[in-house]
Structure formats: C-alpha cells, structure tokens
C-alpha cells in the first residue's frame, strides 16, 4: 500500500513540477537533463560506495538505453501537460 501511495505522490509531483516549469516559460529539456545528470551522479556515488558491485558492458548499455527511453517518456509527459493539463496527463 505504501508503494502505491509513493507512486501516486511521485507521479503527481512530476506533473506539477513540469506544469510549473511550463508556466514560468522554462526549458523542459534542460530540466529533464538536469534530473538525469543528478540521478547519474547519485548512482555513481552509490556504485563507488558499494564494494561488491561489478560493472559490465551489458548493464551499462542497458542503463543507457533505458535512460533514453525514460527521457523520451518524460518529454511525452511534458507535451501532455502542456497540451491537456496536469490532471489529464497524470491520469493517463
């Protein structure tokens, strides 16, 4: 149940942040790129701290591919928020 509540909270927060960025005429691509840059830095720090992890080419390529897919989905959500509004984009 807590996972469902956290999912709802995060999804709604993302849509509201994107809508706020749109009303302030911000650059959505810059916002999303900054998000992924910070997430990559956090991931790198966790990877360095954790001693029993190994890095493989397959996992790196999979991570890069998923990053591109997630960035594309966030760009689609940004367009949906801009066109249809926060509520409809979040529900869909």
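FYI, it's all coordinate maths here, none of it is from the lab. Fair warning: this is a prediction, and the values are worked out from it, not measured in the lab. In this analysis, Cβ positions are derived from the backbone assuming ideal geometry, glycine residues included, and neighbour counts consider all displayed protein chains.
So what is Rg over Rh here for the range 2-91, counting just Cα atoms and using Kirkwood for Rh?
Values: Rg = 15.6 Å, Rh = 14.8 Å.
Result: Rg/Rh = 1.05.
Give me 52, 22 sorted ascending by neighbouring Cβ count inside 10 Å, so fewest comes first. Numbers along the way, then the final one.
Numbers: 52 4, 22 15.
The order, fewest Cβ neighbours first, is 52, 22.
Relative contact order for the chain using alpha-carbon pairs under 8 Å, separation at least 6, rounded to a whole percent? Before the final figure, lay out each step's value.
Values: 32 pairs, mean separation 45.8, N = 92.
Reported relative contact order: 50 percent.
So what is the calculated 222 nm ellipticity per residue for the chain, using -39500 (n - 2.57) for each DSSP H run with n of 4 or more, over all residues, to the nearest 500 deg cm²/dmol?
Details: 4 runs with 78 residues, N = 92.
Calculated from helices alone, the mean residue ellipticity at 222 nm is -29000 deg cm²/dmol.
Cut-off 10 angstrom, C-alpha nodes, Gaussian network model of the chain. Which of 13, 43, 56 fluctuates the most?
Among 13, 43, 56, the largest mean-square fluctuation in the Gaussian network model of the chain belongs to 56.
Which FRET efficiency value, to the nearest 0.05, do you get for residue 36 and residue 1 by plugging their Cβ-Cβ distance into 1/(1 + (r/R0)^6) with R0 = 22 Å?
Details: r = 30 Å, r/R0 = 1.34.
Once rounded, the FRET efficiency stands at 0.15.
Label-point separation (nm) for residue 66 and residue 17, each offset 7 Å from Cα along Cα-to-Cβ?
Here the modelled spin labels are 1.8 nm apart.
Specify the residue with the greatest mean-square fluctuation among 77, 48, 14, computed from a Gaussian network of the chain linking alpha-carbon atoms under 10 Å apart.
Among 77, 48, 14, the largest GNM mean-square fluctuation belongs to 48.
Classify the range 1-54 from the C-alpha gyration tensor, please: rounded if a/c falls under 1.5, else prolate or oblate depending on whether a/b exceeds b/c. The partial results should precede the final answer.
Working: a/c = 5.23, a/b = 1.45, b/c = 3.61.
Oblate, since a/c reaches 1.5 and b/c is not below a/b.
What residue among 53, 12, 78 shows peak mean-square fluctuation when the chain is described by a Gaussian network model with Cα springs under 10 Å?
53
Residue separation times 0.36 nm, minus the C-alpha to C-alpha distance between residue 75 and residue 47: what's the value?
Working: separation 28, 0.36 × 28 = 10.08 nm, distance 2.75 nm.
Full extension of this stretch gives 7.3 nm more.
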